[in-house]
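The block underneath contains the structure these notes are about, expressed in C-alpha cells.
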Amino acid sequence: MIISVASGKGGTGKTLVATSLALSLSDNHKVQLLDCDVEEPNAHIFLHSTLNESQAVFLPIPNVDETKCTYCGKCAEVCAYNAIAVVQKKVLVFPELCHGCGACSYLCPESAISEEGKQIGVVEQSNLGNIDFIQGELAIGEIAAPFVIREVKEHINPASIVIIDVSPGTSCPVVEAVRGSDFCLLVTEPTPFGLNDLSLALEVVRKLGITCGVVINRAGVGDEKVDSYCHEQGIPILLKIPLDREIATLYSKGIPLVQGMPEWRSAFQRLFQDIEQIVSVKVTK
Ligand code: SF4
Ligand code: SF4
C-alpha cells in the first residue's frame, strides 16, 4: 500500500500527518517513510533520525561529439526546456536548464550525443526500528526535482506500508511523487486559501486517477466551507486535527504529534484502517 500525503500549499501540516501516520503504524507494521519534498526535506527533523547512508544522484547531461554532428538542429527542436541550441556550426548545451530526459541523444540521427552525469542531489537513508526512512535532497540551484524524486521512489519496498511526504503545490514534483500511489491524503486547513489550494490539488490527483481523502488541520481556525466542498465533491474527511496550542508547541519544537500526545496514535491507526477500506472497495468495484 502506497499512501502519498500532499497539500496544495505549504505550512498546512503535511509533514506532521506523514510522520505521525508512519510512527503510529510502526507499532504493528513495517513502514517506509519517503520524504519526496526534495527542495526542503524536513521529516528527518521530526524523526530525529541520523541519516547514515548517502548516495549521489546524477542527471545525464548531453555531451555532443562535433566530429559526428551535422548541425541538423533536431536536438534543439525536441528539447522542451531550451537546454540545447544549434547556432550555425556550434551546438550549445545549457546544463542548468537540462532535465536529463534523454530525448536529444535518443533522436540524434548521427548518434553524436553521449551523456555525462552531473550531480544534482542525494538520496539518504536511515532506520528507526520498524521505519525505513529515505529522503531525497536537491542541490541548491538545481531544478530537476522529479529526477531526484524518481531515485527516492526506486527504494519502494512493496512489502511495507509506504508513506510519501510530497512537496506542497501542484507542479511537476508533486505529480512525480504522487504518481503510482494507491491513495492520496490531501492535508488542508479550513480557510479560503486552504479551500482554494485543496481544489487545485484535488484536480491533479483526479487527473492521475488516484483515490483521495482529506485531513483538516487546525480545525476551528476558519469556517465550514472546506467541509461543504468535500461533501459536494464526494471526498471523505478522514481526520480533523484541532487548532490547539499544545499541538502547535510540539510542532514548533520538532516533536511528532503522536510522540508528544500518544493519545493521537489510535486516531492515526484508524485513519489507516479507513484508507485500507476505501482502497479495498475501489479494488473490488
Ligand atoms: S541532433 Fe545530433 S547531429 Fe543534429 S545538431 Fe544535434 S547533435 Fe548534431
Ligand atoms: S536531455 Fe532532454 S532536457 Fe536535456 S538537453 Fe536533451 S532534450 Fe533537453
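The values are calculated or read from the model by the stated rules, or taken from the named source; none is laboratory data. This one's a predicted model, so the numbers in the text were calculated from it and none came from an experiment. We place every Cβ from the backbone using ideal geometry, glycine too, and count neighbours over all the protein chains shown. These area figures cover heavy atoms from the full protein model, side chains too; ligands, DNA and RNA do not enter into them. Shrake-Rupley method; radii C 1.70, N 1.55, O 1.52, S 1.80 Å.
What to note about this one:
- Among the residues making up segment 90-105, those that are touching a residue at least 40 places away in the same chain (Cβ under 8 Å) and either within 10 Å of ligand 2 (Cβ to nearest atom) or in a strand (DSSP E or B) (or both) are Leu97, Cys98, His99, Gly100, Gly102, Cys104, Ser105.
- Any hit, segment 56-79, residues being surrounded by 14 or more Cβ atoms within 10 Å (Cβ to Cβ), more than 10 Å from ligand 1 (Cβ to nearest atom) and among the small types (Gly, Ala, Ser): no
- Here Glu203 passes the criteria (1) touching a Gly at 6+ places or on another chain (Cβ under 9 Å); (2) surrounded by fewer than 20 Cβ atoms within 10 Å (Cβ to Cβ); (3) of a type in the set (D, E, K, R); (4) farther than 19 Å from Ile2 by Cβ except the one numbered (1).
- Filter pass, Ser49 being open to solvent by less than 40 Å² (accessible area, probe 1.4 Å), part of a loop (DSSP other than H, G, I, E, B) and either within 16 Å of ligand 1 (Cβ to nearest atom) or out of contact with any helix residue (DSSP H, G or I) (no Cβ under 8 Å at 6 or more places or on another chain) (or both): yes
- Some residue of segment 115-126 being within 14 Å of ligand 1 (Cβ to nearest atom) and either touching a strand residue (DSSP E or B) at 6+ places or on another chain (Cβ under 6 Å) or not hydroxyl-bearing (Ser, Thr, Tyr) (or both): yes
- If the condition is being touching a residue at least 12 places away in the same chain (Cβ under 8 Å), more than 10 Å from ligand 2 (Cβ to nearest atom) and either within 27 Å of Glu142 (Cβ to Cβ) or under 35 Å from the mean Cα position of the chain (by Cα) (or both), then segment 74-89 contributes Lys74, Val86.
- Check on Leu34, away from ligand 1 (no atom under 11 Å from the Cβ) and part of a strand (DSSP E or B): yes
- The lone criterion from (1) surrounded by 13 or more Cβ atoms within 10 Å (Cβ to Cβ); (2) within 16 Å of ligand 2 (Cβ to nearest atom); (3) charged (D, E, K, R) left unmet by Glu39 is number (2).
- Of all residues in segment 106-125 being in a strand (DSSP E or B) and within 14 Å of ligand 2 (Cβ to nearest atom), the one that is least open to solvent (accessible area, probe 1.4 Å): Ile120
- Tabulated pairs, segment 192-208, first free of Cβ contacts under 8 Å to residues at least 24 places away in the same chain, second not in a helix (DSSP H, G or I), C-beta under 9 angstrom, 6+ apart or interchain: Arg206/Cys212
- Where Pro242 falls short, out of the listed (1) under 24 Å from Ile161 (Cβ atoms); (2) open to solvent by 30 Å² or more (accessible area, probe 1.4 Å); (3) in contact with a Gly (Cβ under 8 Å, 6 or more places away or on another chain): (1)
- The single residue among Gly222, Gly254, Gly213 that is within 21 Å of the chain's Cα centre (by Cα) and at pLDDT below 95 turns out to be Gly254.
- Subset of segment 249-285 [more than 16 Å from Asp27 (Cβ to Cβ), open to solvent by 60 Å² or more (accessible area, probe 1.4 Å), without any contact (Cβ under 8 Å) to a residue 40 or more places away in the chain and not polar (S, T, N, Q)]: Lys253, Val281, Val283, Lys285
One line per residue, one yes/no per condition, for (1) at pLDDT 95 or above; (2) of a type in the set (A, V, I, L, M, F, W, C); (3) buried (at least 22 other Cβ atoms within 10 Å of the Cβ); (4) in contact with a Lys or Arg (Cβ under 7 Å, 6 or more places away or on another chain):
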{"position": "Gln135", "(1), (2), (3), (4)": "yes, no, yes, no"}
{"position": "Leu138", "(1), (2), (3), (4)": "yes, yes, yes, no"}
{"position": "Val162", "(1), (2), (3), (4)": "yes, yes, yes, no"}
{"position": "Ser167", "(1), (2), (3), (4)": "no, no, yes, no"}
{"position": "Asp182", "(1), (2), (3), (4)": "yes, no, no, no"}
{"position": "Asp197", "(1), (2), (3), (4)": "no, no, yes, yes"}
{"position": "Ser228", "(1), (2), (3), (4)": "yes, no, no, no"}
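- Taking the criterion of being open to solvent by less than 30 Å² (accessible area, probe 1.4 Å), out of contact with any Lys or Arg (no Cβ under 9 Å at 6 or more places or on another chain) and either under 22 Å from Ala145 (Cβ atoms) or more than 7 Å from ligand 1 (Cβ to nearest atom) (or both), the only residue of segment 86-102 that qualifies is Gly102.
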